[in-house]
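Working notes, beginning with the structure itself.
The values are calculated or read from the model by the stated rules, or taken from the named source; none is laboratory data. Here the structure is a predicted model, which is why all the values come from computation and not from measurement. Cβ sites come from the backbone with ideal geometry, for glycine too, and all protein chains shown count toward neighbours.
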Amino acid sequence: MQTDLREMKTSGLMKMHDLDESDLVMVRKYGTIISPKLEEYAVLFYEWIAELPEYQVLFSNPEVMGRARSEQINYWRSFFNARVDDNYVQERRKIGEVHARVGLSLPSYFAAMNVSFIIFTKKLYDGGLYSEEYSSAISALTKLMHFDITIVVETYSRLINERISKQSKALMEMSTPVTQIWQDILMLPVVGIIDSKRAQDIMMTILSRIGETRAKVFIMDISGVAVVDSAVANHLFKITKSTGLMGCVSLISGISPAIAQTIVNLGINVDEVNSTATLRDALEQAFKIIGRTVT
Amino acid sequence: MDANLDSPSERFDINNEDDVRGAVMLSYSEIMSRFNDAGLATQIATCISELAMNIVKYAQYGELYIHYQSNYSIEIIAEDRGPGIANIEQAMQDHFSSKGTLGLGLPGVKRMVDEFEIQSQINHGTRIRVKKWINQY
Ligand SMILES: Nc1ncnc2c1ncn2[C@@H]1O[C@H](COP(=O)(O)OP(=O)(O)O)[C@@H](O)[C@H]1O
Ligand SMILES: [Mg+2]
């Protein structure tokens, strides 16, 4: 099942947090006590923050610090205004984005939300509500804070995941280093996992290099590949066939015992593929093909 | 969340080829660190790759569970709510493919594991459960 918080409407998100209009009324009421004291809040909050090593790194610059401080006051002002609409949700997403971008960790964010809650409910509270009202205000504050946290965390973790998969993709794309190791011989060591996109990259790269160099042999060493499933095997066949059309023989080297075993288990027909256990064997074969002997 | 630390389950959302790659890489390194057996890691990771790729190819998205049972077996469950398989017997044959690919995924997985169970209903989805027993020396 695909559950994407981004596709949820604001009303759905509110329902998810058992948050309704009466809660928002309570948050606003509590806000009449807190909003005039937000400067005071910031002083208390930044006393706490000064102790955290992470924040010291991030806020070494006083200008950055000043901007963060005023953004934070604005954030709580909007929180206590409690006008929860699409715009409100969008502002929270922005916070998640900023935190992900500057690398502020989720534990620190949680701790900061917690300390803010304590400042609002213990240090800045003036006893101005009846006890029943106070407890429903606390419950409403908690729910709205969790609502905000859900959105921030969702955005944050999605962006971090995107970043990780971009990094691993970038790594894979960088690693198609086809080199001409000898007149007429090209070689490519493949490391990691071959998916269809990467197989496509390899195919395009090698074909254009064959065009440039008129190489007669292409050695693809897959000793750094952990898994060859039927789709990968199919890609490898296509690569060897297409180089063959350009008059270049493909040799696949570095087939580990584990890979040889799974290829047999899968029932893949390897008749048309030239493969060797080691790169050395492939090189010997390559030299034979180009008519050279090495001793 | 799994209460029994000896037999943790891992769940992967499978929505695209990147997700498949993630599940394959993580399971490979998990098995290597548990059993230090490249043959086993390669086989299980290959099964995961076949089952998860089928989800992406035929059902768009689904889920994959890997269950390590106290070091004596590894269970994989691949589940989707896709179109289902009309003729299971045919799908299990070598070289049958409705997409023109090799048609060796399902029969190949079956040859690599000790238990293989497939449930499928047209328009409701497919659930494949496989288990590999670990030989401890
Ligand atoms: N999760 C699935 N949902 C629907 N159909 C499936 C699924 N997995 C496999 N199939 C069917 O079984 C056939 C055989 O699958 P497989 O052996 O993996 O070969 P291939 O993926 O190359 O076609 C597929 O062509 C498809 O028709
Ligand atoms: Mg398949």
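Those residues that are under 15 Å from B:Lys131 (Cβ atoms) and either out of contact with any strand residue (DSSP E or B) (no Cβ under 9 Å at 6 or more places or on another chain) or at the interface with chain A (Cβ under 10 Å from one of its Cβ atoms) (or both), I need them from the range B:52-71; list them, please. Give the steps one after another, and end with the answer.
First, pick out the residues of the range B:52-71 that are under 15 Å from B:Lys131 (Cβ atoms): B:64-71.
Passing the criteria: B:Ser70, B:Asn71.
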Checklist entry - Got a number for residues in the range B:44-80 being in a strand (DSSP E or B) and away from ligand 1 (no atom under 15 Å from the Cβ)? => result 7
Next on the checklist: So, A:Ile138, is that one under 28 Å from B:Val56 (Cα atoms) and among the hydrophobic types (A, V, I, L, M, F, W, C) or not?
Outcome noted: no
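In the range B:94-106, is there at least one residue being away from ligand 1 (no atom under 11 Å from the Cβ), crowded, with 20+ Cβ neighbours inside 10 Å and either not small (Gly, Ala, Ser) or not in a loop (DSSP other than H, G, I, E, B) (or both)?
Initial filter on the range B:94-106 (away from ligand 1 (no atom under 11 Å from the Cβ)): none.
No, every residue in the range B:94-106 fails to be away from ligand 1 (no atom under 11 Å from the Cβ), crowded, with 20+ Cβ neighbours inside 10 Å and either not small (Gly, Ala, Ser) or not in a loop (DSSP other than H, G, I, E, B) (or both).
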Item to check | Scan of the range B:26-41 for residues that are surrounded by fewer than 17 Cβ atoms within 10 Å (Cβ to Cβ) and under 19 Å from A:Ile164 (Cα atoms), ordered by number | outcome: B:Leu26, B:Ser29
Next on the checklist: Condition (residue is under 26 Å from A:Val264 (Cβ atoms), loosely packed, with under 15 Cβ neighbours inside 10 Å and within 16 Å of ligand 2 (Cβ to nearest atom)) applied to the range B:51-73: is it met by at least one residue?
Outcome noted: no
Item to check | Members of the range A:254-294 that are farther than 27 Å from B:Ile44 by Cβ, within 14 Å of chain B (Cβ to nearest Cβ) and not in a loop (DSSP other than H, G, I, E, B) | outcome: none
Checklist entry - Regarding A:Ile255, is this residue in contact (Cβ under 8 Å) with a residue 12 or more places away in the chain and crowded, with 16+ Cβ neighbours inside 10 Å? => result yes
Checklist entry - Does A:Ile206 meet the test of being touching a helix residue (DSSP H, G or I) at 6+ places or on another chain (Cβ under 6 Å) and away from chain B (no Cβ under 14 Å)? => result no
Item to check | Criterion violated by A:Lys169 - all others in (1) away from chain B (no Cβ under 14 Å); (2) surrounded by fewer than 16 Cβ atoms within 10 Å (Cβ to Cβ) satisfied | outcome: (1)
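In the set A:Ala137, A:Ala82, A:Ala111, which member is at pLDDT 90 or above and on the phi > 0 side of the Ramachandran plot? Break it down into steps so the answer makes sense when it comes.
On the way: A:Ala137 fails: on the phi > 0 side of the Ramachandran plot; A:Ala111 fails: on the phi > 0 side of the Ramachandran plot.
Unique residue meeting the criteria: A:Ala82.
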Next on the checklist: Can you confirm whether B:Ile74 is more than 24 Å from B:Leu26 (Cα to Cα), away from every other protein chain (no Cβ under 14 Å) and modelled with pLDDT of 95 or more?
Outcome noted: no
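I'd like to know if the range B:90-103 contains one or more residues that are of a type in the set (A, V, I, L, M) and closer than 19 Å to A:Val228 by Cα.
Residues of the range B:90-103 of a type in the set (A, V, I, L, M): B:91-92, B:102.
So of that shortlist, the ones also closer than 19 Å to A:Val228 by Cα come out as B:102.
The answer is yes, given that some residue of the range B:90-103 is of a type in the set (A, V, I, L, M) and closer than 19 Å to A:Val228 by Cα.
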